[in-house]
Amino acid sequence: MLSLAPMPIMMSFFMLIYSVWWGFAFGTIGWLLFSLVCVYAVYLITRAIRNFKKAKSYPQLQTSEGEKISKAMGILSGISYGILWVVAIILFITKQYRWILPAVTFIIALHFFPQASIFKRKIDYFLGLFPLVSSLIGFYLASQNSVDWSIVYAVTGTGGANATGGYGIYLLRSYNKIAME
């Protein structure tokens, strides 16, 4: 429970990164939508902090299944984030900035699918579709020189924001289910 409780904080951080581009692309409406995401992020963060404080009072048992999951997620994260950073750095060095967020979002989308298998849950398949579709649209938009980079990032970020926001609430609910048992 202690490892689950703070996860919505990380999801909030990613959700904010994905959604900040709405303001650059869509002006006042985009900043208003981003502000709503900020309010939602504060909600997720405050609930996660509360849950983390509570989780410290529960006995922390490490099971062999939990160890297998931790190891598999460590490998998946190492591969995913390793590839993500290499691709982002190459695109940055080659000044292909408009492709960075679609590539990053695509890599993160792909990591949802083995994650579903690792945790044996279906929600990851569903949530992974949001960044997958938005990254593919982002790749298409990035290939159109007439489309401003901010639109590319805003559209691409929409899928990532939806996935991380949805995952944040899913994690809060999962924690609450475990805490009630």
Given (1) within 16 Å of Tyr175 (Cα to Cα); (2) touching a Pro at 6+ places or on another chain (Cβ under 9 Å), Leu61 misses just (2)
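One line per residue, one yes/no per condition, for (1) in contact with a Lys or Arg (Cβ under 8 Å, 6 or more places away or on another chain); (2) in contact (Cβ under 8 Å) with a residue 12 or more places away in the chain; (3) closer than 15 Å to Met15 by Cα:
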{"site": "Arg98", "(1), (2), (3)": "no, yes, no"}
{"site": "Ala109", "(1), (2), (3)": "no, yes, yes"}
{"site": "Asp124", "(1), (2), (3)": "no, yes, no"}
{"site": "Tyr140", "(1), (2), (3)": "no, no, no"}
{"site": "Gly159", "(1), (2), (3)": "no, yes, yes"}
{"site": "Arg173", "(1), (2), (3)": "no, no, no"}
Restricting the stretch 38-54 to residues that are surrounded by 19 or more Cβ atoms within 10 Å (Cβ to Cβ), under 19 Å from the mean Cα position of the chain (by Cα) and of a type in the set (A, V, I, L, M, F, W, C), the one modelled with the lowest pLDDT turns out to be Ala48
Residues of the stretch 31-49 being without any contact (Cβ under 8 Å) to a residue 12 or more places away in the chain and under 14 Å from Gly166 (Cα atoms), in sequence order, are Tyr43
Going through the stretch 148-157 in order, the residues found to be in contact (Cβ under 8 Å) with a residue 60 or more places away in the chain and either surrounded by fewer than 22 Cβ atoms within 10 Å (Cβ to Cβ) or in contact with an Asp or Glu (Cβ under 7 Å, 6 or more places away or on another chain) (or both) are Asp148, Ser150, Ile151
Residues in the stretch 119-140 that are within 15 Å of Ile100 (Cβ to Cβ) and of a type in the set (A, V, I, L, M, F, W, C) total 1
Given the conditions (1) exposed (fewer than 12 other Cβ atoms within 10 Å of the Cβ); (2) over 27 Å from Ser117 (Cβ atoms); (3) among the hydrophobic types (A, V, I, L, M, F, W, C), every one holds for Leu91 apart from (1)
Result of the Cβ filter at 6 Å on the stretch 1-30, keeping first residues that are touching a residue at least 12 places away in the same chain (Cβ under 8 Å) and partners that are hydroxyl-bearing (Ser, Thr, Tyr) and assigned to a loop (DSSP other than H, G, I, E, B), at least 6 apart or interchain, is Met1/Tyr58
Query raised in the report: Is at least one residue of the stretch 148-161 among the small types (Gly, Ala, Ser) and part of a loop (DSSP other than H, G, I, E, B)?
Result: no
Condition (residue is more than 30 Å from Trp31 (Cα to Cα) and surrounded by 13 or more Cβ atoms within 10 Å (Cβ to Cβ)) applied to the stretch 104-113: is it met by at least one residue?
yes
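The values are calculated or read from the model by the stated rules, or taken from the named source; none is laboratory data. Note that the structure is a prediction, hence the values are computed from the model and not measured. Quick reminder, even Gly has a Cβ in these numbers, built from the backbone with ideal geometry, and neighbours come from all protein chains shown.
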